[in-house]
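Notes for the one structure printed next.
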Amino acid sequence: MQTLGGWRSQLSLLGTTRLPVFSMDGDYIIGGVFSIHHYIHTVKHNYTTMPEPLRCTGSIDTRELRFSRAMIFAIEEINNSTKLLPGIRLGYQIHDSCASVPMAVQVAFQLSNGLDPVFYTGDNCSQSDTVMAIIGESGSTPSISMSRIIGPFNIPQVSHFATCACLSNKQEYPSFFRTIPSDQFQADALAKLVKHFGWTWIGAVRSDSEYGNNGMASFLDAAHKEGICVEYSESFYRTDPRSKIQRVADVIRRSTATVVVAFAASGDLMILFEELTQKPSPPRQWIGSEAWVTDPNMLRFTLCTGAIGFGIQQSVIPGLRDFLLDLSPTEKVVLVLVFFFLDCQKSEALCVKKSPYTNKQKFRITNMVYKAVYAIAHAIYNAVCQKTNSTIHLNIQIYELVNWQKSKSGSIELVTVGLYDASLPVGQEFHINKNLTWVEDSTQVPSSVCSDSCPPGTRKVLQKGKPLCCYDCIPCPEGEISNATDSPDCFPCPKEFWPNAERNICFPKPVEFLSYNEVLGIILAAFSVGGACLAIITAAVFFNHRTSPIVRANNSELSFLLLFSLTLCFLCALTFIGTPSEWSCMLRHTAFGITFVLCISCVLGKTIVVLMAFKATLPGSNVMKWFGPPQQRMTVVSFTFIQVLICTIWLVLSPPFPMKNLTIYKERIILECALGSAVGFWAVLGYIGLLAVFCFVLAVLARKLPDNFNEAKLITFSMLIFCAVWITFIPAYVSSPGKFTVAVEIFAILASSFGLILCIFAPKCFIILFKPEKNTKKHLMNKNQY
């Protein structure tokens, strides 16, 4: 019973108690957990003997060692001050987690239970010296494991470097706090950084841990919102088989993306860089998260020259560097052994001073450790001295932009080149105040796109089965433009505009009409004026020889009226040339219709006179008294009046008007005269054609009449030419495009006018001027000799 009672009154821990790396007694103990070593010794269990204790192996991480020493410095600073915790002495127990979850879990249990191997369960409480709070761990995955263990005991955990956004969930991790911002801020900043430099096609690698997986997930989500595409996303861990590390390295080597974003712990990425060093990949621009890009131990990898990333703002901690150098003889020996492998051949003191352990005047994450100690000290002060609750709050949104640059000595150094302030407006978050060095020491920003930008004048068409950033550039279709780079669509130009050759600007369409400034207009105008001059010259010849038999025998009054109407016909062609206007459109068609009817009426009158004159020679005929000069004039006026009436009705009801024809040609505007009423236009032409046919029929009937004064044959030829011209005009007029429609109409006017003047008047003028011996009454009365 005594044994049983004794068993009930006290419990003993099984296993070996793990001693801290650094420790000091105090009124309140603060725990510390840092990844001073990179690896844990792999243990093979045979399940027949007690497993050997966990132990660390591998090289020492000098930065983590500095973290632990900074914690000691802050505690000693508080203990030596009378301002914050007067009369209270803080102690510490600092453990090495070997950057592994099993060791972190064991340390968490031990810090929760204390170092006493016996628990008392009776009336007296256990005398174990449990910690008030724990600082650490550096990694997110060990921090998660520790928080799940110490959370139920309400032991606060303040991490200086665990940035996983998942740890912000207070329902799962109610006692977890941190002095460094969540990875959600960094992930958003990294996405904006990639977008800032115009990279849309990237590779992504990450630690296969809560830190890497959650951080990369946040980054990929932010990158997607910024329009960034990811060619590959690979995960790995430092304990993975070498074959997997090689596979990730091969993916990087084979990729087309020149920019690689790494969201990884430095211990993991170190393994990948060592593999890439064995067989170098094509140049890659590395973008790093805080966990590795500011780690001085990573600067030995020259393949990452030009790497950029974000770092916590540097701060000066007065006295810390001297404290780091103030080592005991034993500690100095340990550090010298550690740095011996860094090829430090100088004196012991100089070696320590030049090491990554102490070569900084300003600190980033070390300052987060310093802040964590003070945050816990303030919480103790509030709890003990003021009896109030306190909560640790931190919202850091400003990062330093750091760049790996090669120094004059050839070594790589970390240079702060600017700031990122998330509180500023979109597009203004970055303030870069120094020149950046890019991959291969280049001063030019590298390009990393799946497809080059589509220039204005083209549109993007996505490549089937590939991400949004992979596309082809297709020229805009006819009549459409795009005036921006990477335009997803082309849009049509306004009605009166047309794209330039590059199809990136809409220009006003050129306006086309038959102008006096072009060759065709000049030629037609010259023939028009020439024809009018010919008619005037002919009239002058007839007037000078008006008493001659040939002029008197051919009805000189109608001849002069015909020459006058022909002059008007030639001149009316000029109204068709030049810019169409309301007046010119109405004038050109009506003038053409009326002058041609006047012309045909004169020819018709001359034809009737020939017929009547032949009948007047018959015995007992007195028809000429019914078709003398007054009747001839009345006939011409009557026929012309009908055309004037048709034109008047046309102009009143629906006159011709200028219009911009946009349908014939897509790329230019035809300025032309619309008919207004097509019925009116074809009525005018139809009336001219009717008179011409009537005249032609009468001329054919009179062509074989005797006497040399008979003009019927000449009129027949002229009407034959006139009808042929206008019959061919109709299909040519309908089918000719644009200004050539007007040219065809002018050609028909001139051709028919020249046909009339040449057929009717050329033979007479030839006789008058060159054969005066035939210009006699005797010759005219001589039958069959004309």
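Ile155 - would you say it is of a type in the set (A, V, I, L, M, F, W, C), surrounded by fewer than 21 Cβ atoms within 10 Å (Cβ to Cβ) and in a helix (DSSP H, G or I)? Before you say what the answer is, go through the steps one by one.
Working: of a type in the set (A, V, I, L, M, F, W, C): yes; surrounded by fewer than 21 Cβ atoms within 10 Å (Cβ to Cβ): yes; in a helix (DSSP H, G or I): no.
Criteria not met by Ile155.
Determine if region 1-18 includes at least one residue that is of a type in the set (A, V, I, L, M, F, W, C) and at pLDDT 80 or above. Walk me through it before giving the result.
Looking only at region 1-18, we keep the residues that are of a type in the set (A, V, I, L, M, F, W, C), and these are 1, 4, 7, 11, 13-14.
The next check asks that each one be at pLDDT 80 or above; those that pass are none.
Among the residues of region 1-18, not one is of a type in the set (A, V, I, L, M, F, W, C) and at pLDDT 80 or above, which makes the answer no.
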Legend entry - Filtered residue count, region 682-724, keeping only those that are modelled with pLDDT under 80, buried (at least 20 other Cβ atoms within 10 Å of the Cβ) and within 19 Å of Glu745 (Cα to Cα): 3
Inset, instruction - Any chance you could count how many residues in region 158-191 are farther than 30 Å from Ile29 by Cα and buried (at least 20 other Cβ atoms within 10 Å of the Cβ)? - result: 7
Inset, instruction - Check whether at least one residue in region 291-302 is modelled with pLDDT of 90 or more, assigned to a strand (DSSP E or B) and of a type outside the set (S, T, N, Q), and report yes or no. - result: no
Legend entry - Candidates Val449, Val426, filtered to the one that is among the hydrophobic types (A, V, I, L, M, F, W, C) and surrounded by fewer than 18 Cβ atoms within 10 Å (Cβ to Cβ): Val426
Inset, instruction - Test Leu299 against the stated conditions and say whether it is under 26 Å from Ile365 (Cβ atoms) and in contact (Cβ under 8 Å) with a residue 40 or more places away in the chain. - result: yes
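Pick from Ser81, Ser59: which is among the polar types (S, T, N, Q), out of contact with any strand residue (DSSP E or B) (no Cβ under 8 Å at 6 or more places or on another chain) and surrounded by fewer than 17 Cβ atoms within 10 Å (Cβ to Cβ)?
Values: Ser59 fails: out of contact with any strand residue (DSSP E or B) (no Cβ under 8 Å at 6 or more places or on another chain).
Just one listed residue meets the conditions, Ser81.
Among the listed residues Val369, Val415, identify the single one that is outside the structural domain of Trp292 (by TED's automatic domain parsing), outside any loop (DSSP other than H, G, I, E, B), at pLDDT 90 or above and more than 30 Å from Leu462 (Cα to Cα). If you could, list the steps in order and put the result at the bottom.
Details: Val415 fails: outside the structural domain of Trp292 (by TED's automatic domain parsing).
Unique residue meeting the criteria: Val369.
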Inset, instruction - Scan region 726-753 for residues that are modelled with pLDDT under 80, part of a helix (DSSP H, G or I) and in contact with a helix residue (DSSP H, G or I) (Cβ under 7 Å, 6 or more places away or on another chain) and jot them down. - result: Trp726, Phe729, Ala732, Tyr733
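Show me the strands (runs of 3 or more DSSP E) found entirely inside region 457-542 where at least 3 residues are within 30 Å of Cys229 (Cβ to Cβ). Can you show your working first?
Values: elements: 458-462, 471-475, 497-499, 506-508.
It comes to 458-462, 471-475.
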Inset, instruction - Inspect all residues belonging to region 271-281 and state whether any of them is among the aliphatic types (A, V, I, L, M), within 24 Å of Ser442 (Cα to Cα) and more than 32 Å from the chain's Cα centre (by Cα). - result: yes
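Go over the candidates Glu64, Glu52 one by one and state the one that is in a helix (DSSP H, G or I), over 17 Å from Asp27 (Cα atoms) and of a type in the set (Asp, Glu).
That would be Glu64, the only listed residue that is in a helix (DSSP H, G or I), over 17 Å from Asp27 (Cα atoms) and of a type in the set (Asp, Glu).
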Inset, instruction - With the condition kept exactly as written, say whether any residue in region 201-208 is modelled with pLDDT of 95 or more, closer than 24 Å to Cys98 by Cα and hydrophobic (A, V, I, L, M, F, W, C). - result: yes
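The values are calculated or read from the model by the stated rules, or taken from the named source; none is laboratory data. Since the model is a prediction, treat every value here as computed from it, not as a measurement. Methodologically, a virtual Cβ is constructed for each residue, glycine included, from the backbone with ideal geometry; neighbour enumeration extends over all protein chains shown.
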